Each structure stands twice: as C-alpha cells, then as structure tokens.
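Comments concern the structure below.
The values are calculated or read from the model by the stated rules, or taken from the named source; none is laboratory data. Just so you know, these numbers come straight off a predicted model, no measurement behind them. Heads up, the Cβs are rebuilt from the backbone with ideal geometry, glycines too, and the neighbour counts pull from every protein chain shown.
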Amino acid sequence: MAEGTPTLRECVVYARRRLPRYEAELLVSTSLDVPHNHLYAFDERAVAPAAFARMAQTVARRQDGEPVAYILGTRGFWNLDLEVTPDVLIPRPDTETLVAAALPLIAPGARVVDVGTGCGAVALAIASERPEASVTATDVDPACIALCRRNAERLGLSVATRVADCFGFGGLFDVIVSNPPYVDDDDPRLDEGDLRFEPRRALRGGPNGGLDIIARLVREAPAHLVPGGWLCLEHGFDQERALARAFRAHGFRRVRCHRDIENRPRVTVGCWERLKSRPIQRGFEGLADNQLTHFPYKPCANACPTRPQALNRGSMVQVGHPRAIRLSARQHP
Ligand SMILES: C[S@@+](CC[C@H](N)C(=O)[O-])C[C@H]1O[C@@H](n2cnc3c(N)ncnc32)[C@H](O)[C@@H]1O
C-alpha cells in the first residue's frame with residue numbers, strides 16, 4: 001500500500017491478496033459500508049485509516065478460518081436476510097429443500113412446528129410463505145430461541161417460540177419440519193472448515209451414524225401429528241435408506257425423499273395415516289388440481305454464490321397438491 005490515506009482500490013487489492021475474490025469483495029464492501037459496485041466505480045475514494053484497520057481485521061478473521069456469516073453477522077436463506085451468531089448453525093442452501101418440500105403440505109390454517117430451529121431459518125421461511133399458518137419454532141438451546149425471536153421481530157413475521165428438548169413442549173400439529181443434528185459424533189469433518197466454528201449441539205447426531213436424534217424424532221412424532229399430518233426431516237445424503245426404513249417402521253406412509261440443489265438425497269417426508277377412517281379436515285387432500293401453483297425461487301442479497309446457478313437448472317417448485325411432490329421426489333416402496 002502507498003504512503004498516506006488508503007483508497008478503495010487499495011482495500012480491495014489488500015483483501016484479494018489474502019482471500020478468494022467473492023469473499024474479499026464481500027468483506028471489504030460490508031466492513032466499509034460501501035455498495036459493492038462502488039468498489040470499482042469509485043475506486044479512488046479515500047478510506048479513513050480506522051476503517052482500513054477494521055477491514056483488515058475482518059480479512060484476518062476470515063484468514064483464520066472463521067465463517068463469513070459469523071464475521072458479517074448475517075446470512076441469506078430463502079428470501080430472508082437472517083441475523084446469525086456463533087450460537088447457531090449457519091443456514092445452508094441445502095435446507096431450502098426442506099422448506100420447498102414442506103410448503104405444498106401446509107394448508108391454510110395448518111399448525112406447523114420447526115424442531116431445532118437455530119436462528120429460525122426454516123420456521124421464518126415458512127411463516128413468510130404461509131402467513132395464514134400457525135408456526136411454532138422450538139430449540140433445546142435458549143440462545144437459539146432468543147435469536148429466532150429477534151429475527152422474527154426484525155422481519156415482522158409471526159412465529160411462536162418454545163425452548164424444549166425435541167417434543168418436550170407437547171402440542172398437536174399438521175406438519176412437523178426439522179433439520180436436526182445428523183453428523184456422526186466421530187466424523188472427522190467436524191474438525192474441518194466452517195464446521196469447527198459451529199455449535200457441536202447443532203451438528204452431532206450421536207455415535208450411531210449420526211441418526212440418534214432423527215430416530216427419536218421419527219419415534220416421537222406420531223404422538224404430535226394429527227391423522228394425515230406430515231413429518232419432514234432433513235438428513236445426510238447417505239442416510240436416505242435409514243430414514244425410509246425408520247419412517248415406515250413407525251407407521252408413516254407415502255414416504256418420499258427429495259433431492260437438494262446438488263441432486264443428493266436430502267429430505268424425507270412421510271404421512272401419519274394411522275387412523276385412516278377419520279376424515280382429514282385440514283390436509284392438502286381437499287385441494288383441487290387447479291390449485292397447483294408455481295413457486296418462483298427468490299434470490300437473496302447475501303446468499304451462497306453457487307446457489308443461483310444451481311437453482312436455475314430447476315428453480316420452479318410446484319406447490320399445492322401431493323402430485324406436485326411426485327415430480328421431484330423419489331417414492332419408497
Ligand atoms: C442442524 S441445526 C439446524 C438449525 C436450523 N433449523 C437450520 O436449519 O439452519 C440443529 C438445531 O437443533 C437443535 N437441537 C439439538 N438437539 C436438540 C434437541 N434434543 N431438541 C431440540 N433441538 C435440538 C440445535 O440447538 C440446533 O439449533
């Protein structure tokens with residue numbers, strides 16, 4: 001850097017020498033509070049030495065491996081910009097598959113619960129798309145629930161919150177969604193990359209292939225679902241068969257697995273049909289074919305850079321009718 005007051009160009013050069021271009025530009029524009037397009041359009045602009053030092057500090061944190069989302073304090077998910085802190089898992093693009101799989105199952109007035117909500121990503125995305133549904137977000141960690149509440153208030157979305165261990169809060173629901181911890185406790189990836197910085201409780205699913213909490217949710221869900229209600233669980237791409245077996249063993253029918261934007265098995269859904277003779281009041285069965293609607297992908301300012309390309313390959317998710325799910329999901333026999 002030349003002697004004297006640094007310029008915007010010098011800030012970008014400084015960051016790009018140390019980080020990949022996307023991250024460098026994002027951290028410079030955010031830490032200096034400058035629109036991204038100004039980085040090159042007004043690159044001669046002077047930057048106060050204190051602001052330069054602040055920018056250099058964020059670059060150093062990233063060089064040390066800290067996730068960009070924790071440094072910036074935000075992450076885009078679905079169509080929302082969410083506050084994130086090191087208390088919560090950073091929402092992933094994969095988890096948008098869970099939202100897309102659940103939305104067609106949520107009829108007007110449905111009661112929905114998101115178990116293990118973290119910063120509230122899934123619950124808030126559902127609340128934004130289904131304002132007439134009654135959405136509850138739960139987590140065993142009070143810090144997650146506090147952050148979920150903050151996000152809900154800032155975004156003006158209505159979500160009830162509970163601190164609870166799995167279904168410890170009781171209640172009866174039409175749709176249960178969850179992205180539970182599902183990484184095996186001994187998985188070496190827990191000590192690599194961004195995962196090193198994320199809460200263990202959000203990631204570790206137990207020593208049995210990471211399936212302990214998933215198994216518990218599948219076992220306990222029927223007591224909290226209305227007949228005809230749905231359980232929707234995110235899981236590891238290599239856990240698809242285990243999930244299908246568990247769902248069927250606990251009385252779920254119409255079990256299907258949805259694939260994520262990388263085309264990997266990611267979300268299993270199943271219908272709790274134990275009391276077949278009782279008419280279903282609130283399920284989607286009442287929807288007619290002409291209620292099939294299209295759900296456009298809405299890009300988010302602070303989204304994963306790879307996501308728009310991936311979703312452009314198939315960004316239209318059809319909602320409103322069970323047949324729509326069959327378009328994108330594999331059905332287990
Ligand atoms: C993989 S994170 C998912 C966070 C968020 N739903 C998302 O998709 O970004 C799992 C979450 O489950 C919570 N959790 C872990 N064990 C739990 C339990 N026994 N009962 C309720 N929540 C639990 C963790 O605190 C964490 O917030």
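Observations on the model:
- Whichever residue in the range 103-123 is within 12 Å of the ligand (Cβ to nearest atom) and in a helix (DSSP H, G or I) and, among such residues, is nearest to Gly171 (Cα to Cα): Ala123
- For the range 84-99, a residue qualifies if it is within 8 Å of the ligand (Cβ to nearest atom) and assigned to a helix (DSSP H, G or I), and the qualifying residues are Thr95, Leu98.
- Taking each residue of the range 64-84 that is among the hydroxyl-bearing types (Ser, Thr, Tyr) and looking for partners that are modelled with pLDDT under 95 with beta-carbon atoms closer than 7 Å, six or more apart or interchain, yields Thr74/Asn302.
- Ala51, sole failed condition from (1) in contact (Cβ under 8 Å) with a residue 12 or more places away in the chain; (2) in a loop (DSSP other than H, G, I, E, B); (3) farther than 30 Å from Ala125 by Cβ; (4) not hydroxyl-bearing (Ser, Thr, Tyr): (2)
- The range 81-126 - residue that is closer than 20 Å to Asp260 by Cβ and of a type in the set (Ser, Thr, Tyr) and, of those, nearest to the chain's Cα centre (by Cα): Thr95
- Within the range 21-42, the set of residues being surrounded by 12 or more Cβ atoms within 10 Å (Cβ to Cβ) and either touching an Asp or Glu at 6+ places or on another chain (Cβ under 9 Å) or without any contact (Cβ under 8 Å) to a residue 24 or more places away in the chain (or both) comprises Glu25, Ser29, His36, Leu39.
- Checked against (1) surrounded by fewer than 20 Cβ atoms within 10 Å (Cβ to Cβ); (2) touching an Asp or Glu at 6+ places or on another chain (Cβ under 9 Å), Ala56 passes all but a single condition, namely (2).
- Single residue of Arg245, Arg219 found to be part of a helix (DSSP H, G or I) and within 15 Å of the ligand (Cβ to nearest atom): Arg219
- Restricted to strands (runs of 3 or more DSSP E) entirely inside the range 134-196, no element has at least 3 residues that are out of contact with any Gly (no Cβ under 8 Å at 6 or more places or on another chain) and within 9 Å of the ligand (Cβ to nearest atom).
- Sole exception among (1) under 26 Å from Asp165 (Cα atoms); (2) modelled with pLDDT under 95 for Leu147, by number: (2)
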